[in-house]
Amino acid sequence: MSLARLALRLAAIEALCPSATVATGPYPTVAGARVDDSRVDLIAAAESPEAIAAALAALENNPLLVVYTEEQQTSPYGDVRYPAAEEVVTLVIEAMIAGSGVMQIELPDGTIQSIGTLEAPVTDRQHEAMLDLLEAQVRYILTIKNRAPTAVLYNKVAMETRMIHSDPQRAADRTLRLASRTIKFHVKVKAEVWPAPVAALPEPLASVAAGLAPGSSGALLCASLLPLIPGAPALPPPLQGIDIYTHLDGTASATDPDGVHAVAAAMDFSSGGNSGLIAALAG
């Protein structure tokens, strides 16, 4: 189910910053295009201290979001449920006001160099108000019943949100509140279904990949996984029905032999899980 976790993360990023309009907007939150997968890519991609400084200057005093996934829990439904288990993934949104800091590193030659780092400044009333607004926008977009326009892919992965935790962050000595919050969504996700035994992405990741803008970072990430996926055995097809044939004398038969009067009972599951009992007397 780890690829369903990836699907949830990519779909959440798409909901918070659509890949088709990442360069121009409009954006659904005040974080704008400053939405990153697992870590802040502007800093991770920088190749020199000067590039890091330029990236930090662009982020300084602006709100941003970092999206990642943590825990995944698999719980059995019970013997009478199909499928037999449900999956709940913890989707984490780090919301913060960007501030720059300085970190000293030792180079291979033994010299010390100072480089810029990303930090959350001590919060104030303006920062708190901005974070309140940003969190409210994130909650609205990732609430399934709201059907936010940018959350189409997200709603293909997420089935329901079980719980939301929002925790303020503090300095290392726990005395100062920082302009940063960790928002955790405990989300029930759709079951992972592998296609026929070919090298292809499973659902729901396949639908997410198909919905991302071509050339976007999420689409390229999904494309990079394809060569690594061998032909996987497909799951059994969805249950369509159960046919039961019973002789009039009370004995069961796997088939309905010619010349034998039987009662045929069919359970029809073709309507997406709503079963109906159809009984017919064969004569």
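Before moving on, here are some points about what is shown:
- Identity of the residue in segment 16-30, hydroxyl-bearing (Ser, Thr, Tyr) and in a helix (DSSP H, G or I), that ends up least open to solvent (accessible area, probe 1.4 Å): Ser19
- One residue stands out among those in segment 55-67 that are touching a strand residue (DSSP E or B) at 6+ places or on another chain (Cβ under 9 Å) and either assigned to a loop (DSSP other than H, G, I, E, B) or surrounded by fewer than 17 Cβ atoms within 10 Å (Cβ to Cβ) (or both): the one that is modelled with the highest pLDDT, which is Asn62.
- Residues in segment 203-248 that are in a loop (DSSP other than H, G, I, E, B), at pLDDT 90 or above and surrounded by 13 or more Cβ atoms within 10 Å (Cβ to Cβ): 4 in all.
- Residue count for segment 145-160, restricted to those that are out of contact with any strand residue (DSSP E or B) (no Cβ under 7 Å at 6 or more places or on another chain) and either more than 21 Å from Glu203 (Cβ to Cβ) or open to solvent by 20 Å² or more (accessible area, probe 1.4 Å) (or both): 9
- Tallying residues that are over 16 Å from the mean Cα position of the chain (by Cα) and in contact (Cβ under 8 Å) with a residue 12 or more places away in the chain within segment 150-180 yields 11.
- Some residue of segment 36-51 being at pLDDT below 95, out of contact with any Asp or Glu (no Cβ under 7 Å at 6 or more places or on another chain) and part of a strand (DSSP E or B): yes
- Evaluated against (1) in a strand (DSSP E or B); (2) surrounded by fewer than 11 Cβ atoms within 10 Å (Cβ to Cβ), Asp173 falls short on exactly one condition, (1).
The values are calculated or read from the model by the stated rules, or taken from the named source; none is laboratory data. What you see is a predicted model; the values in this text were computed from it and never measured. Cβ: placed from backbone, ideal geometry, glycine included. Neighbour counts: every protein chain shown. To get the accessible areas, we keep the full protein, side chains included, count just its heavy atoms, and leave off ligands, DNA and RNA. Shrake-Rupley method; radii C 1.70, N 1.55, O 1.52, S 1.80 Å.
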